[in-house]
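None of the figures in this text is laboratory data; all of them are computed from the coordinates on show. Given the structure is predicted, the values throughout are model-derived calculations rather than measurements. Methodologically, a virtual Cβ is constructed for each residue, glycine included, from the backbone with ideal geometry; neighbour enumeration extends over all protein chains shown.
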Amino acid sequence: MSDATLPQTLTRNVAHAFGENRLTLAAVAILLLLALCALFGNVLAPYDPLTTDGAARLMPPNAAHLFGTDALGRDIFSRVIVAARLDLGMAISAVVLSFLGGLALGAAAGYFGGWCDRLIGRLVDTIMAFPLFVLAMGIVAALGNSVLNIIIATMIINLPFYCRFARGEVNVRREMGYVEAARMGGNRSLAVLVNHIIPNILPPMMVQASLNMGWAILNAAGLSFIGLGVRPPTPEWGIMVSEGASFIISGEWWSFVFPGAALVLAVFCFNLLGDGLRDLLDPRRRI
Amino acid sequence: MTALLAIEDLSLVFRTRHGTVRALEDVSLSVERGEIVGVVGESGSGKSVLAYAVMGLQDAAAQVQRGSIRFGGLDVLAASEQALAAVRGRELAMIFQSPRTALNPIRKVGCQIEDILRQHAALRRSDLRRHAINALARVRIPDPERRCEAYPFELSGGMCQRVMIAMALACSPFLLIADEPTTGLDVTTQAVIMDLIRDQSRSTRMSTLLITHDLGLAGEYCDRIAVMHAGHLVEVAATEELLSRPAHPYTQQLLAATPTPRSTVGGLVSIPGQLPDLRAELPACRFSARCRRHVPLCDERPLPWTALSPAHLVRCRVPL
Amino acid sequence: MDRAVARASGALPGAAVTPLLEARALTKRYPIGGRHKGAMLYAVDAVDLAIAPGECVGLVGESGCGKSTLVRLLARLIDPSSGTILLDGKETTAVSQATFTTLPERARIQVVFQDPTESLNPSFRVFDAIADPLRRLLGLRDKGKLAMRVHHAADLVGLPRELIQRYPHQLSGGQRARVGIARAIAVEPSLLILDEPTSALDVSVQAVILRLLDDLRTRLGVSYLFVSHDLNVVRLLCSRIIVMYLGRVVEAAPTEVLFGAARHPYTRALIGAIPDPARRGEARPRLDGSPRSPIDPDPDTCRFYGRCPIATERCAAAMPELTLFGDAHVVACHFA
């Protein structure tokens, strides 16, 4: 049994987790890049993403326009950068909401069992009875096209995922010795669940959240792609791919490849981060 | 007479991300026909690693640095997977620690025994069933015809272990390796299982290598006992000799730490220190850090075997 | 049940000392679903026992005998189906276990659990693991006082101070076992229930922990209920031993009396099954077969019937009750 001789510090662990895995480091770099675009997109973009220029339609990538221009003469590079805020913002909001909701419902179902478990189980089953993307489409169609509704739709369809996961993890831990010890130590049920069990399930759930982010981004972009949710001329990767897709045959590849690549990069980055996060958060893997 | 199993100077390491673990070093042991040899040691002593190496089932990260294992005429370490597969289950059998997990949970018990018979015994398909039922009856499972139709989860731990023994004994092996076969079982079930193994040994001259941490168990059932510590084999002797006149300080302390009907709490001895880290640089004798009798001579390599008598070997510079 | 027998099954020989913990006709039944709809599994059936202050009582029995359930009942982690548990004469079963968790009496009975790996929260440091019951049960909020109590508990169990800020996975098996004990004694309980505290440990570490437990008991004056399947270990620490089989107490006696002159055939079989190098090669009578089903057992048949080497029709017609044989030695057998 190897015994560390120094107490743990957060920086030591961060350094270890990222140092060990170059991919994680790369993922973090990409995330920082995306965050930069999201936060300062307006400042970084060389052109106004909304200004159209009829004369400069569908120009291939060149020195003036790094990613070329779209059918309305707008600079694609600027639009891709600015779109990061919307896409990432929608995805993060949806994931955070469904994470918290799923955690609360799933943990309660897994710990208390009985009617609580049955009720929550039915809710989850109802959501999962639908093909999830179709359900998202339905929700947005019913509630109206807006960013908020995309977030709500994505949140609802991701809820079962976290709920089931949390329920399973809590179930496994419910019978463990340390839970009984917590009860012996005077903790009531809710205290046991919140203080003793949930901290242990957070690491695996965070990994799931990170992986889920990729889906959430694709979801939001997908809804926009088919015309629900975000409306043009708002820059958003999904819409841009949709608009650019009409040019596949005629050969103006830059109008859909670059926003598509941005989506790929974002999803890739979050998938890689999942592993890095697990290393960071799991106390057992800390040095 | 050549021994049935001859392990000679076996050294084995595991390559891991955190360093090379020197799991076994210069282990030599032989097992004759019909004898029950116990390999006793605490967790981390390398006894299970040894058992798996004998079966040719060592982990992919394991690397044999030197030494040999000969089973009958077969060189286990050099043999091909086909040669080993032909021998395993037929001449060489193993039973594992947790019986329920060692059995396939989705197949009936009878089918699992039939699998072994089909693989290794030259039987007609119509005879397989009958032999499977006989195998269960031989381990004294009541109502064997009905039990053949049971799944492992329907049986108790002791029953599952008996099934595993039935599978191991189905083709009357020459050598049975039992890796902690009774850990987790009740003491009454343990007695029955161990009696079964011993009776089979006596009746068919089957040799047994019993891996256990329980010195008392080894004391009752084994003809000879080999004591392991941190990857080293430190002492080998006939049971009575080992228990009454241990020569290695570790053996003596292990005996003093094991509760017996005559022990008192104040009389229990604890062994100071901890197992050395097998990834680090290790001294010639791996017990030296914890040994009261340590002298500078102990650090000289190689650490020789001292024969106190032809059957009693100890690896110590200052045996008791 | 006969008052003398009741006292003998638990109390010290002679003196009528108020027991620290007393269980009367304690029963726990679980409803079984599935194939046996409506049937009940009798995990613990009409158990009487008593533990005196400062006493160390051993509880032995094989898997399925109900000792884990009994431990959970006595520790008030679950509620009994019927029967009472008295702590210093006061009924703890008057309230549900959820309510009991909030009472100050909760601190008086603590448990040291079996697997030190599983019984420590992996995301709690050692300090937090020991401090949590102090905060909850004793209401200690002051950081200074809390630290003092935690350090005191760690010192009592011989846990070096530098390990207190570590996580369980950074400790060895023996160190984890010490943390489990420190956590239990930090709140100064009157009764410590030890559920197989050393079965997951190596023999050399076990020796250390057993000596520690013995030392703690004399120093702190705590009573122990020591549950184990290893009779040699129980013999070391306990002055009195209770033997359980299929939910019932079959025999209880002072330690040396039990090992020297056991009267129940099951106890004899249990003792006979302990590996003994001195009896190598001997063919001894073995207890074969499996226990009867604990589901809806026949109340008029001895639970040991069918496996018992000396059973007769009488055993199938009437359940043997605990009877007194000599000093504090009770046996439930028609032929004892």
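The mean count of C-beta atoms from other chains within 10 Å of the C-beta of residues in B:248-259, rounded to a whole number, is 3.
Three principal axis extents describe the C-alpha atoms of chain B; from largest down they are 68, 47, 43 Å. Here segment B:41-157 has an Rg and Dmax of 16.9, 49 Å, counting Cα atoms alone. Ignoring everything except DSSP H segments at least 4 long, calculate the 222 nm mean residue ellipticity for the protein assembly as shown; use -39,500 (n - 2.57) per segment, divide by total residues, nearest 500. Calculated at 222 nm, the ellipticity per residue is -13500 deg cm²/dmol. When peptides B:108-114, B:53-59, A:139-145 are ranked by their average number of other Cβ atoms within 10 Å per residue, the highest-first order is B:108-114, B:53-59, A:139-145. For chain A, the ratio of Cα radius of gyration to the globular rule of thumb 2.2 N^0.38 Å stands at 1.19. Counting Cβ atoms of other protein chains within 10 Å of each residue's Cβ and taking the mean over peptide C:225-236 gives 3. For chain A, the relative contact order is 24 percent, taking Cα pairs closer than 8 Å that sit 6 or more residues apart in sequence and dividing their mean separation by the residue count.
Specify the angular offset, from 0 to 90 degrees and rounded to the nearest 10, of the alpha carbon long axis of helix C:203-220 from the longest principal axis of the alpha carbons in chain C. Taking the Cα atoms of chain C, the angle to C:203-220 is about 80 degrees. Please list, by residue number, every one of the GluC sites (Glu not before Pro) in segment C:263-336 that is coil in DSSP and has at most 16 other beta-carbon atoms within 10 Å. In loop regions of segment C:263-336 (DSSP not H, G, I, E or B), the sparsely surrounded GluC sites (Glu not before Pro) are C:282, C:321.
Computed over neighbours whose Cβ is under 11 Å from that of residue C:203, the net charge equals -4, Lys and Arg +1, Asp and Glu -1.
Restricting segment B:241-313 to trypsin sites (Lys or Arg not before Pro) that sit in a DSSP loop and have at most 16 other Cβ atoms within 10 Å of their own Cβ leaves B:262, B:279, B:292, B:293. Here, the protein assembly as shown has an Rg and a Dmax of 33.4, 112 Å when only alpha carbons are counted.
Treating each Cα of segment C:75-193 as an identical point scatterer and ignoring solvent, apply the Debye formula and state log10 I(q)/I(0) at q = 0.11, 0.19, 0.22 Å⁻¹. At q = 0.11, 0.19, 0.22 Å⁻¹ the computed log10 ratios are -0.39, -1.00, -1.22. Each Lys or Arg adds one and each Asp or Glu takes one away; over the other residues whose Cβ falls under 13 Å from the Cβ of residue C:28, this sums to +3.
Rounded to the nearest 20 debye, what is the charge dipole size of the protein assembly as shown about its Cα centre when +1 sits on each Lys and Arg Cβ and -1 on each Asp and Glu Cβ?
The dipole magnitude comes to about 700 debye.
Of all DSSP-defined beta bridges confined to chain B, some 60% are antiparallel rather than parallel. Normalised by the number of residues in chain B, the mean separation of alpha-carbon contacts (under 8 Å, six or more apart) gives a relative contact order of 21 percent. Note on A:170-179: average number of Cβ atoms from other chains within 10 Å of each residue's Cβ is 4.
Taking Lys and Arg as +1 and Asp and Glu as -1, the other residues whose beta-carbon sits under 11 Å from that of residue B:61 total +1. Relative to the longest principal Cα axis of chain C, at what angle does helix C:143-156 sit, 0 to 90 degrees, rounded to 10? Its long axis makes an angle of about 50 degrees.
Report, in listed order, any pair from C:67/C:90; B:108/C:28; C:28/C:90 with a Cα-Cα distance greater than 32 Å. From C:67/C:90; B:108/C:28; C:28/C:90, over 32 Å: B:108/C:28. Which angle from 0 to 90°, rounded to the nearest 10, does the C-alpha axis of helix C:126-138 make with the longest principal axis of chain C? Its long axis makes an angle of about 80 degrees.
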